[in-house]
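Here the structure comes first, spelled out in C-alpha cells, and everything after it is commentary.
The values are calculated or read from the model by the stated rules, or taken from the named source; none is laboratory data. Note that the structure is predicted; figures quoted are calculated from it, not measured. Positions of Cβ are generated from backbone atoms using ideal geometry, with glycine treated the same way; all protein chains shown enter the neighbour counts. Each accessible area value is taken on the protein alone, full model and side chains, heavy atoms only, with ligands, DNA and RNA left out. Shrake-Rupley method; radii C 1.70, N 1.55, O 1.52, S 1.80 Å.
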Amino acid sequence: METRELRYFVAVAEELHFGRAAQRLAMAQPPLSRAIQQLERRLGVVLLHRTSRAIALTEAGSVLLREARAALDAIAAAERRTRRAAADHPGVVLATKAGASSELLSKLLDAYAAEPGAVAVEVMLCGPGQPESLLRNGRADVALLQRPYDTTAGFDAEDLHTEQQVAVLPAGHPLANRPHISMTEVEALTDLPLPRWPRRDGSYPDGPGPQVRDHTQLFQLIALGLACAVVPESLQTQLRDVHAIVPVPDAPAVTTVIAWPPHSRSKVVADIVRTAIRL
C-alpha cells in the first residue's frame, strides 16, 4: 500500500462521502474513486458498502481506518522528529491538556530547568484528546495524559498521580449540598446534561448535552445552568463561587501519566521522564 492511498482512504472513511473527501483532498472525485477501487482489488477485500445514497465502512474497512491512521501518524512523526533533531537549538515539545495537572506541570518544568544540560521545553496546551494525538503524530516528544480519558496504547508510560473525580454543578442546585452523588444520579440529570466532547475526526457524539471544546467553555455553561460535568478533583482550582462540587465515589479514578514513543532514544525525553517520576 502507498501512503497516498492510505490518505485517500482515511478521507473517504471519515467523510463517508466521495464528494466531500475529494474536496478535502483538493482533487477530482473520479480519480479518488478509482484509487479506492484499486486499493480494494489489491487487498482482495471490500472496504466500503456503497449504495446510490450512502457509504458505510465494512468490518475490514474499519480495521484499515484504525491501522491507516496509525501508519500515517507514524510517518508524520518520523518527518517532524527528524527535522527537530537537526535544529540549531535543540528543544523538546511537551503536550498536555489545558488546565489539567497544572501543579504537577509547574513543578516538573521548574525541576527539569534546574537539571544540568536542560534544554528549552515548549509546552503545548490543548483540548481533551489532543495531547495523545500530538504525541502520535510527532508534534510532541512527550505528553502528560490522563487515563481513562486518554489511551497509552503504543506508548511507553509511567504513572505519576491518581485522583478521584467530582461532579461540578451550578451553585444553588438541589444536589449541590449532598455529601456525595453517584454516576447514575449525574447521568439522570435531565436539566443538566453531560457535555459532548469532540471525537478525533472533529465530529461530536449524539446526545442532549452541549458541544464543548475546553474546560473554560464547559465551566461557563455549568455556571449558566446548562450542563454538569464529572472531572478530576484537581480542576477545582479553576472553579468560582458560582460552581458547586460534589464527590462522585463510583466514578473511575483518573491517573495522570507521562508518555513517550517507545522507540525514543532522546536523552532530553529521558531526563524529563526521570524528573517527573522523582516528583
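A few remarks follow.
- The stretch 69-88 residues that are closer than 17 Å to SER266 by Cα, paired with ones that are of a type outside the set (Gly, Ala, Ser) (beta carbon under 6 Å, 6 or more apart): ALA77/ASN137
- Lone unmet requirement of (1) out of contact with any Cys (no Cβ under 8 Å at 6 or more places or on another chain); (2) crowded, with 16+ Cβ neighbours inside 10 Å for PRO174: (2)
- Close Cβ contacts (under 6 Å, 6 or more residues apart or on different chains) running from residues in the stretch 14-26 that are within 16 Å of ALA68 (Cα to Cα) and among the acidic types (Asp, Glu) to residues that are at pLDDT below 90 and not in a helix (DSSP H, G or I) comprise GLU14/ASP201.
- In the stretch 61-70, residue farthest from the chain's Cα centre (by Cα) [restricted to those that are open to solvent by less than 40 Å² (accessible area, probe 1.4 Å) and small (Gly, Ala, Ser)]: GLY61
- Scanning the stretch 44-61 for residues that are touching a residue at least 40 places away in the same chain (Cβ under 8 Å) and of a type outside the set (Val, Ile, Thr) returns ALA56, LEU57, GLY61.
- Just one of (1) outside any loop (DSSP other than H, G, I, E, B); (2) open to solvent by 30 Å² or more (accessible area, probe 1.4 Å) fails for PHE219. It is (2).
- Residues within the stretch 231-242 that are in contact (Cβ under 8 Å) with a residue 40 or more places away in the chain and surrounded by fewer than 19 Cβ atoms within 10 Å (Cβ to Cβ), tallied: 7
- Every condition in (1) surrounded by fewer than 16 Cβ atoms within 10 Å (Cβ to Cβ); (2) in contact with a Cys (Cβ under 8 Å, 6 or more places away or on another chain); (3) among the hydrophobic types (A, V, I, L, M, F, W, C) is met by LEU134 except one, and the failing one is (1).
Results for (1) open to solvent by less than 10 Å² (accessible area, probe 1.4 Å); (2) out of contact with any Asp or Glu (no Cβ under 7 Å at 6 or more places or on another chain); (3) in contact (Cβ under 8 Å) with a residue 60 or more places away in the chain; (4) on the phi > 0 side of the Ramachandran plot, shown as yes or no for each residue.
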position	(1), (2), (3), (4)
ALA95	yes, yes, no, no
ALA118	no, yes, yes, no
CYS126	no, yes, no, no
PHE155	no, yes, yes, no
GLN164	no, no, yes, no
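- Close pairs from the stretch 246-265: first surrounded by 20 or more Cβ atoms within 10 Å (Cβ to Cβ), partner aromatic (Phe, Trp, Tyr) and in a loop (DSSP other than H, G, I, E, B), Cβ under 8 Å, at least 6 apart: VAL254/TYR149; ALA259/PHE155; TRP260/PHE155; PRO261/PHE155
- Failed condition for SER182, given (1) closer than 30 Å to VAL93 by Cα; (2) open to solvent by 30 Å² or more (accessible area, probe 1.4 Å): (1)
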